[in-house]
Amino acid sequence: MNSKEILKAISMLCEEKGLSEEYILDALEQGLIKAYKRSSGSENLKTEIDLKKGKIKMYAQKEVVEPDNLIDDGYQIVLQDAQKINAKYQIGDIVNIEVSPDDLGRVAAQTAKQIIFERVRSAEKNNVFNEYNDKKGELISGLVQKVDENYINVNLGKIEGILPTNELVPNDHFHVNDKIKAYITDIRRNNKDIPEVMLSRTNPGFVKRLFEIEIPEIYEGLIEIKSISRDAGSRTKIAVYSKDENIDPVGSCVGMKGIRIESILKEINGEKIDIVEWSSDMAQFIAAALSPAQVIAVDVNEEEKTSIVVVPDDQLSLAIGKEGQNVRLAAKLVGIKIDIKTETQIREQILE
């Protein structure tokens, strides 16, 4: 076992894997101690590792005792022998006797190598886990590597992504080797302690991130996404706002003939998107959120977080939407319960 070669390899390993030298040297120390214990039977060991000088020293630590009190020479040394090493040693002192790692057998060396290997793998897993844990809420791209009934496995490079089929948009159809974009919802460790990234394409954050990537004004912070609500595969409502009066936030997102959100619509398979302008005036915001329906009046009770919205009789079904979708998404967008009434219903109530 050549100390210089080992330590040089460790330096290269740390640089290649982005690992702490201290972390690996600690593993080497434990590996050497474990290996030498198997070889010599000694239990009290310590090591000194100098990475710069390329030196590894190992010491067997033994307590100085009277000859009559010697029980185990693996742990103890008699006073006479200790004073041959250094005349200053007295009863009860600890003597460090250098042993050479070069004396370790093949099995012992393999033991040390295995412990270092395990420590490296563990460190790599932790590094990858921490790297992707910081990416929660971001979009990521990968290649589909396996498709089954419950999950799609996605190759993300350093790590595998897990996309449950119930997190797919209804019109999504992916095959092995297809490119795929998804939203990171979480990172976890499987039963083998391997980090896995949990993905979604139905999360509202998926559409939000697509807007941030595709619309320059949002990416640059000139337009802010205030809120978003979504029925994946069917409809999304998104509220945008700009402090700059010269910027039309809705028009900037849509673009001429919808060209600016074309790639977003393609990614979500033609899912409808209602882009509305956010307003601090809740009544105005609610009216916009119910788009494409026309609104006559809005009465808001902000304390109870409720509102009554009046629409023309012929706009009721549009305002409510199929199976209540439009009003439900609008309510999520504004954060207030919305009760829709027609002009006729309001007149009848007034007459009553």
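The values are calculated or read from the model by the stated rules, or taken from the named source; none is laboratory data. This one's a predicted model, so the numbers in the text were calculated from it and none came from an experiment. Cβ sites come from the backbone with ideal geometry, for glycine too, and all protein chains shown count toward neighbours.
If I filter the stretch 199-211 for residues that are over 23 Å from Gln145 (Cβ atoms), at pLDDT 95 or above, over 19 Å from the mean Cα position of the chain (by Cα) and not hydroxyl-bearing (Ser, Thr, Tyr), do I get at least one hit?
Looking through the stretch 199-211, at least one residue is over 23 Å from Gln145 (Cβ atoms), at pLDDT 95 or above, over 19 Å from the mean Cα position of the chain (by Cα) and not hydroxyl-bearing (Ser, Thr, Tyr).
Residues in the stretch 249-269 that are closer than 22 Å to Lys181 by Cα, without any contact (Cβ under 8 Å) to a residue 60 or more places away in the chain and not polar (S, T, N, Q): how many?
Going through the stretch 249-269 one residue at a time, the tally reaches 10.
Enumerate the pairs (first residue in the stretch 170-186 and farther than 10 Å from Gln145 by Cα and among the acidic types (Asp, Glu); second residue anywhere and surrounded by fewer than 17 Cβ atoms within 10 Å (Cβ to Cβ) and at pLDDT below 95) with beta-carbon separation below 8 Å, excluding pairs fewer than 6 apart on the same chain, so at least 6 apart or on different chains.
Asp172/Asn269; Asp186/Lys136
Name the strands (runs of 3 or more DSSP E) wholly within the stretch 279-350 that hold at least 1 residues that are in contact with a Cys (Cβ under 7 Å, 6 or more places away or on another chain) and closer than 20 Å to Ile228 by Cα?
none
Identify all residues within the stretch 202-219 that are of a type in the set (Lys, Arg) and touching a residue at least 40 places away in the same chain (Cβ under 8 Å); write none if there are none.
If the condition is that a residue be of a type in the set (Lys, Arg) and touching a residue at least 40 places away in the same chain (Cβ under 8 Å), then Arg209 is the only one that fits.
Taking the stretch 127-142 as the region of interest, how many residues are in contact with a strand residue (DSSP E or B) (Cβ under 6 Å, 6 or more places away or on another chain) and part of a loop (DSSP other than H, G, I, E, B)?
3
Where residues in the stretch 122-151 are over 9 Å from the mean Cα position of the chain (by Cα) and among the polar types (S, T, N, Q), which of them is nearest to Thr185 (Cα to Cα)?
Ser141
Among the residues of the stretch 265-277, is any β-branched (Val, Ile, Thr) and not in a strand (DSSP E or B)?
yes
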